[in-house]
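Encoded as structure tokens, the structure appears first; notes follow it.
Bear in mind these aren't lab numbers, they're just calculated from the coordinates by the rules spelled out. Because the structure is a prediction, the values reported are computed rather than measured. Don't worry about glycine lacking a Cβ; one is built from the backbone with ideal geometry, like all the others, and counts go over all protein chains shown.
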Amino acid sequence: MKLRPLTALVVLLAGLLWADDKPKPAIDPAAQKQLEKVQQLVGKWKGVGQPQRGSTKDSWVEEADWAWSFENGVALVGKQPKGKYFSAIKLARGKRDGEYELIATPAAGGDDLHYAGTLDDAGKLLLVAAEEREGLPARISIRFVADGDRLLVLLERKANANQFARLAEVGYTRQGSGFGKGSSGPECVVTGGVGTIEVMHKGVKYYVCCTGCLEYFKENPDQIIAEYKARKEEEKKQRGVKP
């Protein structure tokens, strides 16, 4: 039986209204609680990527914008318009208790890459790829310093069956955090903020802004200093200052 035009329109509108009245899927409180442990990701970030430790060669500027998403479940989603490896990232609760799943969209195109891992007691999120893909990280570690205003993302490739090797590391600073602004004093080599704590390395004096940065500096001072120099060189390029 054919419906008259007016009757068909009424049926269509009723169907749309009924669809709007459908209850949306409830947010999993356990998943939300787990993601709250890393919600410091939320916000806009700007940083510098450095492939080689101790060298500014092939360094690049990268940006990230993280936000909560409640579509098709709860997640933290990040957009990386200038991403070298990924253009978008989604972080959600994993299949097991305490596990996280990261879904990354390659910047060069192709299928998403899936990672899984956990958050350790020090607050570092370590994620390993479900499959190896040439040119893309096999492992990603994410950690915060400077009370959450500094984000460090280490990208690693698979060296052999049981080991990983550095591919690159991106050091982000939260936009609007004010690090290094309004002060002519010493600069923190980790965050770029106001340096208040002296630290010596190989006879040279450096500064950090807090005990968290001090601990991070002590873990690998050569790497931190190299990355600091890379950031300063990149800042000069951005300002158009010639070497």
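For this structure, a couple of remarks:
- Rounded if a/c under 1.5, otherwise prolate or oblate - the stretch 26-239, Cα gyration tensor axes: prolate
- Backbone amide hydrogens, once placed in the peptide plane, bring GLY73 within less than 5 Å of nothing, excluding anything fewer than 5 places away on its chain.
- Cα gyration tensor category, rounded, prolate or oblate, for the stretch 101-218 with a/c compared to 1.5: prolate
- Fully extended contour minus Cα-Cα distance, from LYS46 to LYS33, at 0.36 nm per residue: 2.0 nm
- Each label was represented as a point 7 Å from its Cα along the Cα-to-Cβ direction; for GLU99 and ARG166 these points are 3.1 nm apart.
- Filter on LYS82/LYS158; LYS79/LYS158; LYS90/LYS237; LYS84/LYS218; LYS57/LYS124; LYS46/LYS236 - keep pairs with C-alpha separation over 21 Å: LYS82/LYS158; LYS79/LYS158; LYS90/LYS237; LYS84/LYS218; LYS57/LYS124
- GLU198-ASP112 FRET efficiency (beta carbon distance; Förster radius 51 Å; 0.05 resolution): 0.65
- As a calculated quantity, the FRET efficiency between ALA130 and LYS205 at R0 = 45 Å, using C-beta atoms, amounts to about 0.50.
- Among the GluC sites (Glu not before Pro) in the stretch 67-118, those placed in a DSSP loop whose Cβ has at most 14 other Cβ atoms within 10 Å are GLU71.
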